[in-house]
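Worksheet: the structure to be examined is printed underneath.
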2 protein chains.
Amino acid sequence: MTSNMEKPYVVGIDIGGTNTVFGIVDARGTILASDSIKTQIHATADKYVDAVCERLLPLIQSQGGIEKIKGIGVGAPNGNYYSGTIEFAPNLPWKGVISLAAMFEERLSIPTVLTNDANAAAIGEMTYGAARGMKDFIMITLGTGVGSGIVINGQLVYGHDGFAGELGHVVVRRENGRMCGCGRKGCLEAYCSATGVARTAREMLQANSDASLLRDIPAESIMSKDVYDAAVKGDKLAREIFNFTGEILGEALADFIAFSSPEAIILFGGLAKSGDYIMNPLKKALDENILNIFKGKAKILISELKDSDAAVLGASALAWEIKDLS
Amino acid sequence: MTSNMEKPYVVGIDIGGTNTVFGIVDARGTILASDSIKTQIHATADKYVDAVCERLLPLIQSQGGIEKIKGIGVGAPNGNYYSGTIEFAPNLPWKGVISLAAMFEERLSIPTVLTNDANAAAIGEMTYGAARGMKDFIMITLGTGVGSGIVINGQLVYGHDGFAGELGHVVVRRENGRMCGCGRKGCLEAYCSATGVARTAREMLQANSDASLLRDIPAESIMSKDVYDAAVKGDKLAREIFNFTGEILGEALADFIAFSSPEAIILFGGLAKSGDYIMNPLKKALDENILNIFKGKAKILISELKDSDAAVLGASALAWEIKDLS
């Protein structure tokens, strides 16, 4: 068996719709070297993997070569842990089922595992962040969409098919629910993602004519960051937007807790950093909606990983979990 | 280590609000001997445990004595696996936290584990029933209430505090939700339990004046079994009641699948035995509400355990999971 002493590093690769970021990471979660390429410009997955490897290999060499690397972890949209494939990812240019983990293993002869980005974030938080030492927690990523990674008994929940943990697509509004990108109505993601917050802003601005700093921005250009900036300046409507969003998220978290009764729920992403504006209504709604036996038990925490590092760290953390076969 | 050859039997004890049923069970799920006592007539938990043991010991002796018993499994309302306690069970006469597992161990010197009844049902189904060989499934018990037991990676989900899996109290109607026994509004249990079905019947009978066989029964006496009997006779309103109930259950199951992506959902209890009346609207709603990547994957199954045996078998199955310490 090879120990971490002999292979002290892992590689994390985060595949985003725009950029692919990768880095060499040590056991403490320090990114020793990193680089990135554009994801979309490569016509085939083969050419894309070639391009990543071309830029990744010099980083690996700079840290002592392939023999120092325990494994590669990949975080990718629609990533399937069991098969190491990405399947019908709507935001990536390569269609169908792509055996991405095998393609990296072939080129680099390093064991490679892959999962979706929210699952990678959960493992990252468990390895280097706010969930260190926890065996039961739920990670919620609040970005362009809403993703989740669920850890139970110290293990990530992949489910029967490898796709478990789609909490962004739990229905939170059965009646008159907003259309979601998934084609269904009323999903959590349609309200609590960055795009959901911007949509709430547009709806509220239209629903009344109260003064708001947000009226200075063309409605279609409003971003969730603008709502935060306005809230900081005391804008009443901006705070109402956070109240509305936090309430829906708090209600949803109460249901998630009824499922797996986690020690903590960890929030990641822009919305999570909106401080009390989001946390106060969230905690109030959670407290009002939670089943009695769970009241006051689960902690609501904010990710401890730096935004710029989190994706690479999360992906890299997966590689520590690879079982030695030798 | 003692093998199952030496200790070939387990004991299952199911504590219900009315009766406590117990039996000796072999590895194939045959109940070799069983008996029962009334739960409520014992003023203290100590006297109650004494009474169970007094009737249980002769059964154990008849099968070769204590040395043949690997362990005791107890299914109890509000049972906590980690602590072996029942905590503030509303339908039991003994208040507060009761160390029930320890009390049985003390008297019988047999390792004893305890969990809530729906969790016991899940373990029973995995050991002897429809979930044999499955590592990821969700058990839903549709009785007076709605309970659940969730199995992920072959392990029951107990959560951080031992109370995970309260899917009967996930909110399925946020607006104008029915009052639930838990004090909250819109819970799945308020619609899809036997009492929920009876309530739907009363509401629908009041909402219109269409002819129905159910009008022959005094409204307050209608039971879910009456609705089934009427549906079998072709009663239109009775079928509408099942459609309404099945639709809500199907919507809820779609969300549960987004959480843990199970191989199957197994339904147990009276409502589950209502055949196509409940299954057709349930499967239709599930199909219409499920996220695309999960479509058609999870099987919806009916428990394979006989009603009269299921509680004892479920509790007994827990005892097979006890780790040998010797």
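Overall, chain A carries a charge dipole of about 320 debye about its Cα centre when +1 sits on the Cβ of Lys and Arg and -1 on the Cβ of Asp and Glu, all other atoms neutral.
Alpha-carbon geometry of region B:1-144: the Rg and the Dmax are 14.9, 42 Å, given in that order.
All distinct Cα pairs of region A:158-214 go into the 1/r average, and the inverse of that average, the Kirkwood radius, is 12.8 Å.
With only Cα atoms counted, region A:221-326 has Rg and Dmax values of 16.9, 61 Å. Exposure proxy for B:Arg132, B:Arg184: other Cβ atoms within 10 Å of each Cβ, ordered fewest to most, give B:Arg132, B:Arg184.
Comment: the Cα-to-Cβ extended label point of A:Asp46, at 7 Å, lies 7.9 nm from its counterparts in the other copies, nearest first. For region B:286-326, the equivalent ellipsoid derived from the Cα gyration tensor has semi-axes of 34, 17, 6 Å, listed largest first.
Using the Cβ of A:Ala310 as centre and a radius below 9 Å, the other residues enclosed give a net charge of -3, where K and R count +1 and D and E count -1.
Placing unit charges on the Cβ atoms only, positive for Lys and Arg and negative for Asp and Glu, gives region B:84-157 a dipole magnitude near 60 debye about its Cα centre. Note on region B:142-185 and region B:264-310: Cα centroid distance 17 Å, given to the nearest whole angstrom. In chain B, taking the dipole from charged Cβ atoms about the Cα centre, the farthest positive-side position among B:Gly73, B:Ile60, B:Asn208 is held by B:Asn208. Its relative contact order, with pairs defined as Cα atoms under 8 Å and 6+ residues apart, puts region B:126-171 at 28 percent.
Averaged over peptide A:290-298, the number of partner chain Cβ atoms lying within 10 Å of each residue's Cβ comes to 5.
Distances between equivalent label points of B:Lys295 across the copies, with each point positioned 7 Å along Cα→Cβ, amount to 4.3 nm, shortest listed first. Quick one: net charge around A:Ala211, please, counting Lys, Arg +1 and Asp, Glu -1 for every other residue with C-beta under 12 Å from its C-beta. So the surrounding residues net to -1. Taking GluC sites (Glu not before Pro) across region B:1-99, the ones in a DSSP loop with at most 15 further Cβ atoms lying within 10 angstrom of their Cβ are B:Glu6.
Our summary gives region B:134-303 a relative contact order of 23 percent, counting only alpha carbon pairs under 8 angstrom and 6 or more residues apart. The largest-to-smallest principal axis extents of the Cα set in region A:173-274 are 44, 29, 19 Å. Averaging the sequence gap over all C-alpha pairs within less than 8 Å and six or more residues apart, then dividing by the number of residues, gives chain B a relative contact order of 21 percent. For the peptide A:140-153, the mean number of other protein chain Cβ atoms found within 10 angstrom of a residue's Cβ is 2.
Over the protein assembly as shown, the alpha carbon radius of gyration divided by the compact-protein estimate 2.2 N^0.38 Å works out to 1.04.
Dividing the C-alpha radius of gyration of region B:104-203 by 2.2 N^0.38 Å, with N its residue count, gives 1.27. Legend: Rg and Dmax of chain A, from Cα coordinates, 20.4, 68 Å.
Take B:Leu57, push a point 7 Å out from Cα through the beta-carbon direction, and compare it with the same point in every other copy: 7.8 nm, smallest first.
The eigenvalues of the Cα gyration tensor, multiplied by 5 and square-rooted, give region B:134-303 an equivalent ellipsoid with semi-axes of 28, 17, 14 Å from largest to smallest. This model, with +1 at the C-beta of Lys and Arg and -1 at the C-beta of Asp and Glu, gives region B:134-303 a dipole about its Cα centre of some 80 debye. Legend: residue pairs A:Lys323/B:Lys135; B:Lys273/B:Lys297; A:Lys95/A:Lys273; A:Lys295/B:Lys47; A:Lys47/A:Lys225, Cα-Cα distance threshold 26 Å; pairs beyond threshold, A:Lys95/A:Lys273; A:Lys295/B:Lys47; A:Lys47/A:Lys225.
Candidate cross-link partners of A:Lys68 among the aspartates and glutamates, defined by an alpha-carbon separation under 12 Å and a same-chain spacing of 8 or more, comprise A:Glu6, A:Asp26. Here region B:1-79 yields Rg over Rh of 0.99, to two decimals, using C-alpha coordinates and the Kirkwood radius.
No lab work stands behind these numbers, since they all come straight from the coordinates. Every value quoted in this text rests on a predicted model; they were computed, and no experiment measured them. Virtual Cβ from ideal backbone geometry, glycine too; neighbours counted across all protein chains shown.
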